[in-house]
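Working notes, beginning with the structure itself.
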Amino acid sequence: AHVTFGFPDLKTHAKLCVVVRREGKSVRTYCHIGTGNYNPNTARFYTDFGLLTAHREIVRDVAAIFHHLTSLSQPPRLKHLWWAPHTMKNNLLAAITAEARAAKAGKPARIMARVNALTDEEVMTALCAASEAGVEIDLIVRGACCLRPNVEGKTTRLRVRSIVGRFLEHSRIWAFGNGDALPNDKAKVFISSADWMPRNFDRRVEYMLPIENPTVHDQVLEQVMVAN
């Protein structure tokens, strides 16, 4: 085991695993990208998502994050993953703004998200602007939520729910209509390790992964988010 201490100013909160496996005369790399901790105790009563993949570009992104965390290299440019504290927040704000532009253009526009907490002011401001632009917004926030729904002139198209059940709802899932009503096959769907909080965006190593596999995309969007 090789233990590395990472960066002193950042908590490594992303849940990533890379496995290099010899298969015959070649070597193949897999990665697991999860929304929850690799912890046998919490796994018994948390609900989380995990994607196991051999997708070369995704594997390359995850490996690049590991190389960055274990060296003094510059933050890498990733092709698929958005990550904090570098690209995640700006890309999230851009995705919210894109839905607002679609609504102003008369297209169907909707945002659905499931997080543990919503406290970031910039994200809440963007959601307010999107709501008033005509975007339908459904948020499932398990814990702290600093954004009030149904405020005239601010959040008239925004709804907030909290699910309390047998298991602790812990997975972070974000979905954007991408020019059409949700659910749809072209919707932008993500899983993430991050909640919508300043500490997650600015002071932690987090990831946000777009779900592009059609089967997994439909499972996350239709079986989970629509049901929620």
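The numbers here are math on the coordinates, done by the rules we state, and not lab data. The structure displayed is predicted, hence computed values, not measured ones. Don't worry about glycine lacking a Cβ; one is built from the backbone with ideal geometry, like all the others, and counts go over all protein chains shown.
Once divided by 2.2 N^0.38 Å, the Cα radius of gyration of the stretch 86-197 becomes 1.00.
For the stretch 76-133, the set of trypsin sites (Lys or Arg not before Pro) satisfying both a DSSP loop assignment and a count of at most 11 other C-beta atoms within 10 Å is given as Arg77, Lys79. Distance from the alpha carbon centroid of the stretch 86-146 to that of the stretch 172-212 works out to 10 angstrom. Indicate the gyration tensor shape class of the stretch 41-129 (rounded, prolate or oblate), computed on the Cα atoms with a ≥ b ≥ c the square roots of the eigenvalues: a/c under 1.5 is rounded; otherwise a/b larger than b/c is prolate and the rest oblate. In terms of gyration-tensor shape, prolate. Calculated on the alpha-carbon coordinates, the convex hull of the stretch 184-228 measures out at 77 cubic angstrom per residue.
The mean sequence distance of close C-alpha pairs (under 8 Å, at least 6 residues apart), as a share of the length of the chain, puts its relative contact order at 22 percent.
Of Ile140, Asn150, Thr47, which is farthest on the positive side of the dipole of the chain, counting Cα position, with +1 on Lys and Arg Cβ, -1 on Asp and Glu Cβ, and the Cα centre as origin? The residue sitting farthest along the positive end of the dipole is Thr47. Out of every Cα-Cα pair that the stretch 149-218 contains, those further apart than 20 angstrom amount to 51 percent.
Where a ≥ b ≥ c are the square roots of the eigenvalues of the C-alpha gyration tensor, would you call the stretch 1-99 rounded, which needs a/c under 1.5, or, failing that, prolate if a/b is larger than b/c, or oblate? It is rounded, given that a/c, with a ≥ b ≥ c, falls under 1.5. Only Lys, Arg, Asp and Glu carry charge here, each on its Cβ (+1 for the first two, -1 for the last two); on that basis the chain has a dipole of about 440 debye about its Cα centre.
Within the chain, the proportion of Cα pairs with more than 23 Å between them is 49 percent. Dipole orientation for the stretch 1-133: of the candidates His67, Trp83, Ala105, His67 has the Cα lying most toward the positive pole (charges on Cβ; Lys, Arg +1; Asp, Glu -1). Top mean-square fluctuation among Ser26, Ser193, Ser73, Gaussian network model of the chain, C-alpha springs under 10 Å? Comparing Ser26, Ser193, Ser73 in a Gaussian network model of the chain, the most mobile one is Ser26.
For the stretch 1-136, relative contact order (Cα pairs under 8 Å, six or more residues apart, normalised by length) works out to 15 percent. With both residues required to sit in the chain, DSSP beta bridges show an antiparallel share near 65%. Out of the chymotrypsin sites (Phe, Trp or Tyr not before Pro) in the stretch 88-182, which ones are loop residues according to DSSP with at most 13 other C-beta atoms within 10 Å? Within the stretch 88-182, the qualifying chymotrypsin sites (Phe, Trp or Tyr not before Pro) (loop, at most 13 other Cβ atoms within 10 Å) are Phe167. The per residue volume of the convex hull around the alpha-carbon atoms of the stretch 78-150 is 99 Å³.
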